[in-house]
Amino acid sequence: MHKFLKVAQREYLETVKTKVFIFSLLMAPLIVCGIIFFVSRTSLDKIGPRPPIKVAVSDLTNQLTAELESRFGEYSSLNPNRQIQLRMLETEQDTSRKLSDWAKTEVREKRFDIYIVLEDSILDGPGQMQFYTCGLKPAEIDMPWTIENLINTAVVNRRCQLQEFSPQLLEKLRRRVPSKHAELSTAGDTENIKSPGQRVMGMMVPFFFMYLMFLGIVVTGQQMMTSVIEEKSSRVIEVLLSAISPFELMAGKILGLVGMGLTVMGIWVAAAYGAARWQGLDIEVTASLLIYFGIYYLLGFLFFSALLAGIGSICNSLQEAQTLMGPISLIFVLPLISWFNLVRNPQGVFARVLSFIPPLTPMVMVLRLSADSNVALVEIIASILVLIAAVVLAIWVAAKVFRTGILMYGKRPGLWEVLRWLRQS
Amino acid sequence: MNAISLENVSKFFGNVRAVDDLTVLVPTGSIYGFLGPNGAGKTTTIRMIMNIIRPDKGKISIFGDGSIEQVKARIGYMPEERGLYRKMTVRKVLSYFGALKGVTASELAKRVPSLLKQIDLISWADKKVEELSRGMHQKLQFAVTVINNPDLLILDEPFSGLDPLNLDLLKTIILQMRDQGKTIIFSTHAMHEAEELCDFILLINRGKPVIDGKLDQIRSQYRSNAVSVELEGDAGFIETLPIVAGIHTHGRRLEIKLTDGGDPQQLLRALLEHVPVLVFEVKVPSLHEIFVSLVGADNAQVS
């Protein structure tokens with residue numbers, strides 16, 4: 001067996017055995033499963049009862065009491081855990097100011113949660129409803145919106161009554177037209193009926209693939225740096241270099257960690273697929289997407305791990321390396337924060353430009369490929385070629401830096417010194 | 001034949017000449033000591049031999065003209081900065097480095113236990129390296145160095161920090177390997193260890209060779225031409241002997257300085273004609289004294 005295969009074998013076996021690895025391997029799928037389970041099992045109704053919201057209303061029109069009481073009563077009987085206590089304040093025009101001052105004080109002293117003033121032109125003019133609250137609890141933050149809807153319904157109903165128009169008829173007239181979405185396959189004559197949930201999945205699957213790529217490249221790449229720094233700080237490196245060349249060492253390490261990364265990917269994809277099936281979500285993944293994913297992952301990982309091997313070799317401690325890692329990690333966040341734009345417009349200029357920035361190519365291309373099956377083959381091949389060129393360059397640079405940096409202790413070399421190493425044969 | 005030859009090798013770190021025009025030939029089957037104070041260039045020289053750093057000038061060849069990468073499997077190297085994988089077991093560390101040095105799996109299955117027995121670590125074979133004591137760690141490090149049964153052993157400061165028991169063990173193994181015809185190079189700043197083991201000595205200071213050659217020759221070359229004696233009876237006649245240049249008295253002991261070309265054996269015969277001789281010692285200078293006399297006391301901050 002060639003020496004660098006032995007290095008790869010050790011790297012793989014020793015990394016897979018570490019507690020940190022097993023923990024991070026299991027945690028990601030567990031968290032994903034946990035979130036899916038939690039979201040599908042819980043809704044607001046199941047959180048449990050909360051104390052009733054006390055709402056005081058000054059109705060300056062003096063016409064809405066009956067409608068409001070019936071709307072609020074209906075809501076409370078439908079939502080037994082989220083009661084609203086409505087109190088209509090008796091209003092007369094001349095005392096309204098005094099009354100409103102009193103009500104605001106009551107809100108400040110938490111005897112009312114919300115005080116609402118309905119202006120008198122609300123039925124036939126530009127009148128508004130005014131909400132007064134004081135330090136609403138986070139759990140009740142959605143209540144003004146709910147109450148606004150209830151009052152709106154009450155006001156519309158009252159307007160109908162004034163026009164002698166049946167609210168039931170209005171509702172019947174305003175009924176929404178239901179919709180159904182069918183996806184036609186390009187080849188056969190099958191029609192897939194898509195539920196709204198599936199359409200959301202259509203957005204989420206590309207994100208999931210991109211995130212998987214991100215985790216696979218960055219997390220396992222970090223392992224590269226940890227491993228290099230461990231060998232450097234435990235001074236085992238010189239013993240190693242007496243048996244093998246620096247390049248063999250680096251190549252072996254990269255190969256071992258690629259194997260480890262593929263193991264992690266395999267387990268995560270299987271876990272995600274299993275979780276989706278378990279929850280009855282149908283994910284459409286084509287074989288070609290998986291193949292592209294494999295290619296991009298391999299190249300992306302080679303690029304990033306070569307980079308980190310170089311960085312790791314010039315640092316003396318993990319803390320020092322992480323300082324250098326900061327700016328690099330920021331680049332990776334770019335597609336993560338703009339994923340929504342990328343999914344909506346996978347053929348846009350932004351997506352195309354990001355596809356050709358080597359560290360981001362794997363993430364962005366996988367996102368685009370899973371969001372839209374019509375990415376031009378020329379573009380795919382071009383992005384792969386750019387990535388291959390970047391990988392070759394990264395390995396060339398890393399090998400030079402690694403060779404010199406790995407034996408340097410003490411002060412970390414500056415950028416100019418590293419550039420000088422690159423010029424050396 | 002020479003196991004290693006360095007020809008006009010130089011290495012600069014910025015403006016510092018770490019090694020300056022060094023030429024050394026290490027004969028096969030010898031123990032060669034690289035001596036010198038801290039910072040003399042010993043580790044740099046050894047690292048250049050191992051191709052861990054490259055010389056700026058000069059040529060290094062090992063086993064004839066083979067490049068180091070081709071002969072790494074025949075070399076055992078113990079660096080000054082030592083370390084092993086802390087999370088691996090003793091047995092696995094030894095097997096891993098053996099495999100990297102090209103020892104076959106079947107050979108390793110035999111060699112690992114026998115080597116662990118030899119250094120008395122067999123009961124620790126399946127413990128993790130981090131559980132070993134410092135002394136055991138050092139023994140294991142040495143075992144890693146010799147796992148490939150090397151023809152050439154290069155040890156950088158092998159004796160620093162060893163307890164007396166391990167020191168003796170290491171010296172025994174080094175001498176055994178020399179007797180098997182293997183070549184050993186080690187660096188040290190402790191002169192007495194070199195005197196005990198070495199056939200050849202290279203004394204370097206500030207990157208430059210000060211002395212290079214066979215230990216016996218070096219000693220006779222720098223002989224101080226003095227004899228120390230203890231006699232019974234009157235010693236007044238000694239001053240009259242033609243080969244004596246001067247006498248210092250330290251209590252019962254007399255330091256006799258001979259004239260240039262004066263033979264100590266002739267002195268002994270002359271003494272025996274007059275009085276019984278209790279002690280007769282031809283003064284051989286220690287390496288330390290030679291070094292001090294050559295580079296000056298300021299430089300020779302050695303133990």
Within region B:55-79, the residues that are at the interface with another protein chain (Cβ under 8 Å from one of its Cβ atoms) and assigned to a loop (DSSP other than H, G, I, E, B) are B:79
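Across region B:11-26, what is the total count of residues that are farther than 23 Å from residue B:214 by Cα and assigned to a strand (DSSP E or B)?
Within region B:11-26, residues that are farther than 23 Å from residue B:214 by Cα and assigned to a strand (DSSP E or B) number 6.
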Which members of region B:237-251 meet the condition of being part of a loop (DSSP other than H, G, I, E, B) and touching a residue at least 12 places away in the same chain (Cβ under 8 Å)?
B:241, B:242, B:243
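Kindly indicate which of A:349, A:333, A:343, A:366 is among the β-branched types (Val, Ile, Thr), surrounded by fewer than 20 Cβ atoms within 10 Å (Cβ to Cβ) and either more than 30 Å from residue A:413 (Cα to Cα) or modelled with pLDDT of 85 or more (or both).
The conditions single out A:349.
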Are any residues in region B:33-54 more than 11 Å from every other protein chain (Cβ to nearest Cβ) and within 21 Å of residue B:23 (Cβ to Cβ), and if so, which ones?
B:33, B:34, B:35, B:36, B:37, B:39, B:40, B:41, B:42, B:44, B:45, B:48
Out of (1) outside any helix (DSSP H, G or I); (2) in contact (Cβ under 8 Å) with a residue 40 or more places away in the chain; (3) under 29 Å from residue A:323 (Cα atoms), the one residue A:411 does not meet is (2)
Check off (1) more than 20 Å from residue B:101 (Cβ to Cβ); (2) within 14 Å of chain A (Cβ to nearest Cβ) for residue B:23 and give me the number that stays unchecked.
(2)
Looking at (1) within 23 Å of residue A:240 (Cβ to Cβ); (2) over 16 Å from the mean Cα position of the chain (by Cα), which one does residue B:155 not meet, given that it meets all the others?
(2)
Output the residues belonging to region B:68-81 that are basic (Lys, Arg) and either under 19 Å from the mean Cα position of the chain (by Cα) or surrounded by fewer than 20 Cβ atoms within 10 Å (Cβ to Cβ) (or both).
B:74
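Here's a check for you: in region A:369-387, which residue that is at pLDDT 85 or above and under 12 Å from residue A:292 (Cα atoms) is surrounded by the fewest Cβ atoms within 10 Å (Cβ to Cβ)?
My answer is A:377.
So which of B:35, B:25 is without any contact (Cβ under 8 Å) to a residue 24 or more places away in the chain and aliphatic (A, V, I, L, M)?
Exactly one residue qualifies, and that residue is B:25.
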Taking the conditions exactly as written (at pLDDT 80 or above and β-branched (Val, Ile, Thr)), does residue A:283 satisfy them or not?
no
On the basis of being at negative phi and modelled with pLDDT of 75 or more, does residue A:7 make the cut?
yes
If you scan region B:38-71, which residues turn out to be in contact with a Leu (Cβ under 9 Å, 6 or more places away or on another chain) and of a type in the set (S, T, N, Q)?
B:45, B:51, B:61
Hits in region A:138-160 (condition: over 27 Å from residue A:50 (Cβ atoms) and free of Cβ contacts under 8 Å to residues at least 12 places away in the same chain)
A:160
Does residue B:247 satisfy the condition of being surrounded by fewer than 20 Cβ atoms within 10 Å (Cβ to Cβ) and farther than 24 Å from residue B:77 by Cβ?
yes
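Would region A:286-303 turn up any residue that is within 14 Å of chain B (Cβ to nearest Cβ) and surrounded by fewer than 17 Cβ atoms within 10 Å (Cβ to Cβ)?
No: region A:286-303 contains no residue that is within 14 Å of chain B (Cβ to nearest Cβ) and surrounded by fewer than 17 Cβ atoms within 10 Å (Cβ to Cβ).
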Quick check: anything in region B:88-103 within 14 Å of chain A (Cβ to nearest Cβ), of a type in the set (Phe, Trp, Tyr) and without any contact (Cβ under 8 Å) to a residue 40 or more places away in the chain?
yes
From the residues in region A:414-425 that are of a type outside the set (Phe, Trp, Tyr) and in contact (Cβ under 8 Å) with a residue 12 or more places away in the chain, which one is surrounded by the fewest Cβ atoms within 10 Å (Cβ to Cβ)?
A:424
So residue A:242, is it buried (at least 19 other Cβ atoms within 10 Å of the Cβ), among the hydroxyl-bearing types (Ser, Thr, Tyr) and within 14 Å of chain B (Cβ to nearest Cβ)
yes
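In region A:215-239, which residues are among the aliphatic types (A, V, I, L, M), in contact (Cβ under 8 Å) with a residue 24 or more places away in the chain and within 10 Å of chain B (Cβ to nearest Cβ)?
A:237
The values are calculated or read from the model by the stated rules, or taken from the named source; none is laboratory data. Computed from a predicted model, the values in this text were never measured in an experiment. When we count neighbours, we look across all protein chains shown, and the Cβ atoms used for this are built from the backbone with ideal geometry, even at glycine.
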